[in-house]
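The next block holds one structure in the form of structure tokens; read it before the comments.
Here, each number is a calculation from the coordinates, and none is a lab measurement. The model shown is predicted, which means the values in this text are computed figures rather than measured ones. Note that each Cβ is placed from the backbone with ideal geometry, even for glycine, and that neighbours are counted across all protein chains shown.
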Amino acid sequence: MEKHSRFEKARIIGSRALQISMGAPVDIKVPEEIIDPVLIAQMEYDQQVIPITVVDREKK
């Protein structure tokens with residue numbers, strides 16, 4: 001698993017939660033009682049299935 005900073009993790013989960021709330025398909029099986037997009041995005045992050053990549057720019 002790629003190690004993300006806490007800021008990258010927050011941005012990834014937040015972006016994915018927004019996508020889910022706008023109707024994007026979910027990439028994992030989610031129990032029916034969980035409807036919060038942030039929790040679903042966290043579950044996807046923990047299972048390493050979020051379709052978002054982080055590209056670090058080289059610092060000059």
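Calculated on the alpha-carbon coordinates, the convex hull of the chain measures out at 89 cubic angstrom per residue. Projecting the Cα atoms of Q47, A24, F7 onto the charge dipole of the chain (Cβ charges, centred on the Cα centre) puts F7 farthest toward the positive pole.
Using R0 = 30 Å, the C-beta based FRET efficiency linking E8 and I35 works out to 0.70. Once the C-beta distance of S21 and R57 is scaled by a Förster radius of 30 Å, the resulting FRET efficiency is 0.55 to the nearest 0.05. Annotation note: GluC sites (Glu not before Pro) in the chain located in DSSP loop regions with a Cβ neighbour count of at most 12 within 10 Å are E2, E32, E33, E58. Phi angles of region 34-49 translate, via the Karplus equation with coefficients 6.51, -1.76, 1.60 and θ = phi - 60°, into HN-Hα couplings of 8, 10, 6, x, 5, 5, 5, 5, 5, 5, 5, 4, 4, 8, 6, 10 Hz per residue; Gly and Pro are given as x.
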